[in-house]
Amino acid sequence: MESFTWAKAPAEKPDKTKVAVLLPGSGYPVEGPVLFWIGEMLGSLGWHVQAVRWTPDDSPHADPHSFMARAVESAFASSPDAHQRLIVAKSFSTLSIPWAENNNVPGIWLTPLLTDSLVRSTIAATSKEDLFVGGSLDKLWDGGRKSERCGTFLEVPAADHSLQIPDDWRASQTAQGEVFERIEEFIATELPEPHEYS
């Protein structure tokens, strides 16, 4: 994997830098429409955005959770020192949920792999108020985790694993626009108080 700077945080308050790591799906790059616009949003809100791209030599299959942990750690290590951190992950990259839990980093989890047992057990035990977004037609969303005590679960009606409405680009655009509005609200009002990270 490799990471690159998508957006730089304003330089006037280097001691208050907010860093977001943008993580792709296995076949859905950060340039895909959902992640692209979230990256643009975070940049406009003053975040340093560090985006991740997979490379041909990546081998995640043997231990995908550890692979994702290394990817997140590497991306944060390539970023400025952070006063506040955030992960935005799509699909396969939501296997970093256990890492985020262990490091108390909030997340926006797009089409999370809720069929993964470690992801599910982590979400069931967490006290973090993360945001989870999935489509009602996505089998990996598995009906969401509406019974969990923490976190917000936003289900997009008639959307698939790409958060698209099949065969209807206008409805897809409208639905994704509503998702972006909800994400912007989460970032502005629901993220926990920032921590100092070393």
*Selection from the range 95-117 of residues that are without any contact (Cβ under 8 Å) to a residue 60 or more places away in the chain, out of contact with any Ser or Thr (no Cβ under 7 Å at 6 or more places or on another chain) and closer than 18 Å to G25 by Cβ*: L95, W99, A100, G107, L114, T115, D116
*Any chance you could count how many residues in the range 59-91 are open to solvent by less than 50 Å² (accessible area, probe 1.4 Å) and assigned to a helix (DSSP H, G or I)?*
12
_Being small (G, A, S), in contact with a Gly (Cβ under 8 Å, 6 or more places away or on another chain), within 18 Å of V179 (Cβ to Cβ) and modelled with pLDDT of 95 or more is the requirement here; does A89 meet it?_
yes
*asked:* Tell me the residue from D167, D142 that is at pLDDT 95 or above, acidic (D, E) and under 24 Å from G32 (Cβ atoms), please.
replied: D167
*asked:* Looking only at the range 1-51, filter to residues that are open to solvent by 30 Å² or more (accessible area, probe 1.4 Å) and small (G, A, S); which one of those is modelled with the lowest pLDDT?
replied: A11
*Please work out if S162 is modelled with pLDDT of 95 or more, farther than 23 Å from E193 by Cβ, hydroxyl-bearing (S, T, Y) and within 13 Å of the chain's Cα centre (by Cα).*
no
*Elements of type helices (runs of 4 or more DSSP H) in the range 92-190, at least 1 residues being open to solvent by 40 Å² or more (accessible area, probe 1.4 Å) and β-branched (V, I, T)*: 169-189
*asked:* Among the listed residues V52, V19, identify the single one that is without any contact (Cβ under 8 Å) to a residue 60 or more places away in the chain, in contact with a Pro (Cβ under 8 Å, 6 or more places away or on another chain) and not in a loop (DSSP other than H, G, I, E, B).
replied: V52
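The values are calculated or read from the model by the stated rules, or taken from the named source; none is laboratory data. Because the structure is predicted, anything quoted here is derived from the model rather than measured. Here the Cβ is made from the backbone with ideal geometry for all residues, glycine too, and neighbour counts use every protein chain on show. Areas reflect the complete protein model, heavy atoms only, side chains present, ligands, DNA and RNA absent. Shrake-Rupley method; radii C 1.70, N 1.55, O 1.52, S 1.80 Å.
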